[in-house]
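Q: Before we start, here is the structure in question, set down as structure tokens.
The numbers here are math on the coordinates, done by the rules we state, and not lab data. The model shown is predicted, which means the values in this text are computed figures rather than measured ones. For neighbour counting, all protein chains shown are included, and Cβ atoms are generated from backbone atoms with ideal geometry for every residue, glycine included.
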Amino acid sequence: MADAIDSNPKEVSRAEAREMVAAAGAQLVDVRADHEWEAGHLPGAVHIALPDLAARVGEIDKDRPVIFYCRSDNRSDMAAAALAEAGYDTAKLAEGATGWEEEGLDLEPEGGYVAESGEAAAVLEARKRAS
């Protein structure tokens, strides 16, 4: 009987993620929606929204580790598990962009923030921040 695929991807801390990027050239991939990416994202990350991942997987270097993140964990779980099954060295960022922001780490663009995942809530939040 074949081994079962581990549906629980490896999780890395923020410190581990920064070290993996610096030392191993790991790729940071943001799988959130467009409005979330635009509000604020991790420096050096690329944006491939989860629904686009299958079509854009060729943009991810299979020879380098890849760390997925979303707002918290749900979407990054799915992305990391799917690409691990396809032979990529994957991990997900523990606590996602929310944990990154809560630790006071930089987001791009300057003044960036972690938006709500629901678009309506994000619009209201953006209006509140602008006033």
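Q: Given the options Ala115, Ala15, Ala84, which has the most mean-square fluctuation in a GNM of the chain, springs set between C-alpha atoms less than 10 angstrom apart?
A: Answer for the Gaussian network model of the chain: Ala15.
Q: On a 0 to 90 degree scale, rounded to 10, what angle separates helix 119-130 from the longest Cα axis of the chain?
A: Helix 119-130 sits roughly 50 degrees off the main axis of the chain.
Q: Hey, another quick one. Within a Cβ distance under 10 Å of Leu105, other residues only, what is the Lys/Arg minus Asp/Glu net charge?
A: -2
Q: Based on DSSP H runs of at least 4 residues, each adding -39500 (n - 2.57), what is the mean residue ellipticity at 222 nm of the chain after dividing by all its residues, to the nearest 500 deg cm²/dmol?
A: Mean residue ellipticity at 222 nm (helix-derived): -11000 deg cm²/dmol.
Q: Moving on. Grab the Cα-Cα distance for Ala130 and Glu19, subtract it from 0.36 nm times how many residues apart they are, and report the gain in nm with one decimal.
A: Contour length minus Cα-Cα distance gives 36.5 nm.
Q: What ranking do 35-44, 56-65 get when scored by the average of other Cβ atoms within 10 Å per residue, highest first?
A: Top of the packing list down: 35-44, 56-65.
Q: Each residue of the stretch 10-23 in order: what ³J(HN,Hα) in whole Hz does its phi give by Karplus 6.51 cos²θ - 1.76 cosθ + 1.60, θ = phi - 60°, with x for Gly and Pro?
A: 4, 10, 10, 6, 4, 5, 5, 4, 4, 5, 4, 5, 5, 8
Q: Now, a different point. Report the FRET efficiency, 1/(1 + (r/R0)^6), for Lys10 and Asp106, where r is their Cβ-Cβ distance and R0 is 30 Å, rounded to 0.05.
A: 0.80
Q: So for the chain, what percent of the C-alpha to C-alpha distances run longer than 20 Å?
A: 42 percent
Q: Starting from the Cα-Cα distance between Glu85 and Glu38, subtract it from 0.36 nm times their residue separation and give me the gain in nm to one decimal.
A: 14.0 nm
Q: Moving on. What full-extension length gain, to one decimal in nm, is calculated for Thr98 and Tyr113 as 0.36 nm per residue of separation minus the Cα-Cα distance?
A: 4.5 nm
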